[in-house]
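Enquirer: Quick one: this structure, given as structure tokens, is what I'll be asking you about.
The values are calculated or read from the model by the stated rules, or taken from the named source; none is laboratory data. Keep in mind it's a predicted model, so treat the numbers as computed, not measured. Counting neighbours? That spans all protein chains shown, and the Cβs are built from the backbone with ideal geometry, glycine included.
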């Protein structure tokens, strides 16, 4: 945080951070249905009105707390949604680029700061359609679009068939990891995500 | 149900069915955490002891209710787990067989008898690791093994590369549908599942 910011701004940022931390910790501990704005406020050591000044509901607080966790790098939060700092690298080697990003995703899914709150939010999204759609629109789909962009660049470079729909194609390597994580259908590792990329690019049928 | 069965057996089957129906309806309505053996018994019109005579917990009742829903065809329930009636067809055309089974899965995921209780159980499995692992072991993995078996037959027939791991390969078309359903990342249709099979078999890279 810059030391040139005015005092009232520094205080806001400190409260905002305390509220995000409280919201993520609480939802991991008691689940989404029992997380309340009052509970977040108490844990963050702020008044309930401080939260309602910035957010309209617990869903809003939580979704922004996740965006902050994902883009945690000290950037101005107002800039993040419009200009995500992440993009999938384009070294000209699609397989290597996808493997690198999926390995980073494996690390993120194992990060305990991320796992508890993410599971709580994902679980509620399975049964609460409105929340589920908000989570997808604000958190998941923007990440998936980065894969779609990288696949489009690969189409231009002739590395991917020109007739494929990138938004479907990306699911061949993204969704298996998501399902192993969400449903614990099987363990996952770097070797596993590397294998997914190879199978998806080259296909299951003999060439 | 055969009319030659003794009366006490007919009564058991009728109670069993009422208990399954009550368990599935209740979990869809109030969620897994608030579903109780008492609540299931009350709704089924049986005593709590009737349930505890056959099952040790609400998780046991629910898992068997799902097995019954999946294999609902009037077979003797005792036979079902050992001898599932389902197998993926093997007409010699792998793409056609996989497309047919995935289309049937699309229909099943849209069946309202299935959707509510399935979402409630899947959501709880995301946050409750013990339940999640039981759901996978009893309900999900046996279905996935049918795909693995079909892919092994295709390897023998030269339709799939011999060096692939069938348990990973099947995820390229099964997991995308699972994620679209669970997380509502996008709509799904027969056209979508057909596309998944084509992309997985032939790969994203040009041949």
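Enquirer: Any idea which of B:140, B:201 is without any contact (Cβ under 8 Å) to a residue 40 or more places away in the chain, in a helix (DSSP H, G or I) and facing another protein chain (nearest Cβ under 7 Å)?
Expert: Result: B:140 is the single residue among B:140, B:201 that is without any contact (Cβ under 8 Å) to a residue 40 or more places away in the chain, in a helix (DSSP H, G or I) and facing another protein chain (nearest Cβ under 7 Å).
Enquirer: Answer yes or no as to whether residue B:176 is more than 9 Å from every other protein chain (Cβ to nearest Cβ), in contact with a helix residue (DSSP H, G or I) (Cβ under 8 Å, 6 or more places away or on another chain), surrounded by 22 or more Cβ atoms within 10 Å (Cβ to Cβ) and under 30 Å from residue A:117 (Cα atoms).
Expert: When the stated conditions are applied, residue B:176 does not pass them.
Enquirer: Can I ask one more? Conditions first: (1) surrounded by 15 or more Cβ atoms within 10 Å (Cβ to Cβ); (2) at pLDDT below 90; (3) more than 22 Å from residue A:120 (Cβ to Cβ). Residue A:71 passes all but one, so which condition is the exception?
Expert: (3)
Enquirer: Moving on. Look at segment B:145-171 and say how many of its residues are facing chain A (nearest Cβ under 7 Å) and part of a helix (DSSP H, G or I).
Expert: The number of residues fulfilling the criteria is 3.
Enquirer: Given A:53, A:113, which one is modelled with pLDDT under 90 and assigned to a helix (DSSP H, G or I)?
Expert: A:113
Enquirer: Specify the residue that is nearest to residue A:122 (Cα to Cα); the eligible residues are those in segment A:27-64 that are surrounded by fewer than 20 Cβ atoms within 10 Å (Cβ to Cβ) and in contact (Cβ under 8 Å) with a residue 40 or more places away in the chain.
Expert: Among them, the one singled out is A:31.
Enquirer: Okay, moving on. In segment B:179-190, how many residues are within 7 Å of chain A (Cβ to nearest Cβ) and surrounded by fewer than 19 Cβ atoms within 10 Å (Cβ to Cβ)?
Expert: Residues meeting the conditions: 1.
Enquirer: While we're on this one: Of (1) under 22 Å from residue B:90 (Cα atoms); (2) more than 9 Å from chain A (Cβ to nearest Cβ); (3) surrounded by fewer than 21 Cβ atoms within 10 Å (Cβ to Cβ); (4) touching a helix residue (DSSP H, G or I) at 6+ places or on another chain (Cβ under 8 Å), residue B:193 satisfies all except one. Which?
Expert: With respect to (1) under 22 Å from residue B:90 (Cα atoms); (2) more than 9 Å from chain A (Cβ to nearest Cβ); (3) surrounded by fewer than 21 Cβ atoms within 10 Å (Cβ to Cβ); (4) touching a helix residue (DSSP H, G or I) at 6+ places or on another chain (Cβ under 8 Å), residue B:193 is out only on (3).
Enquirer: Can you tell me which of (1) part of a helix (DSSP H, G or I); (2) crowded, with 17+ Cβ neighbours inside 10 Å; (3) modelled with pLDDT of 90 or more is the one residue B:88 doesn't meet?
Expert: (1)
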